Amino acid sequence: QVQLVESGGGLVQAGGSPRLSCVASGSIFSAESVGWYRQAPGKQRELVAIMAGGDSANYADSVKGRFAISRDNAKNTVYLQMNSLKPEDTAVYYCNIVVRPRWYWGQGTQVTVSS
């Protein structure tokens with residue numbers, strides 16, 4: 001069982017650059033993938049960024065070039081650096097780690113972008 005705790009959200013002005021952190025209670029070294037998802041009010045949860053198979057990362061088109069996902073296996077931590085935030089980035093952001101056959105989720109951290 002792996003528990004995930006996100007932090008770093010809050011109220012941010014448009015154009016801001018906060019960094020989200022996700023600390024895992026266990027090792028993420030052997031995780032099949034680590035990623036960030038988000039869910040805006042009235043919308044389905046969507047993939048924001050994911051790392052699978054080493055350091056290769058993929059991003060949603062809406063955040064490509066603005067967000068960057070990274071991981072520190074020694075600290076069991078996954079990061080999401082968010083740059084040039086827009087009001088449409090407002091959502092609850094969830095950390096996800098896949099250790100087959102289980103998918104683990106954090107409790108989410110709210111990011112609200114003011115214009």
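All of the numbers you see were taken from the coordinates with simple rules; none came from a lab. It should be emphasised that the depicted structure is a prediction, and the values quoted were computed from it without experimental measurement. When we count neighbours, we look across all protein chains shown, and the Cβ atoms used for this are built from the backbone with ideal geometry, even at glycine.
Data table
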| read-out | value |
| --- | --- |
| Percent of C-alpha pairs per 10 Å bin, the chain, short to long | 15, 51, 29, 5, 0 |
| D72-W103 FRET efficiency (beta carbon distance; Förster radius 22 Å; 0.05 resolution) | 0.55 |
| 14 Å beta-carbon shell around W36, net charge (K/R +1, D/E -1) | +3 |
| Charged-residue dipole, Cβ positions (Lys, Arg, Asp, Glu), the chain about Cα centre, Debye nearest 20 | 80 |
| Using a Förster distance of 35 Å, the FRET efficiency for Q13-D61 (Cβ separation, nearest 0.05) | 0.90 |
| Distance between segment 74-100 and segment 22-60 - C-alpha centres, whole angstrom | 7 |
| All-pairs Cα distance distribution in segment 19-72, expressed in whole percent, bin size 5 Å | 4, 17, 27, 25, 17, 8, 2 |
| Cut-off 13 Å, label 7 Å out along Cα→Cβ of Q1, residues of segment 15-56 by amide N | 25-26 |
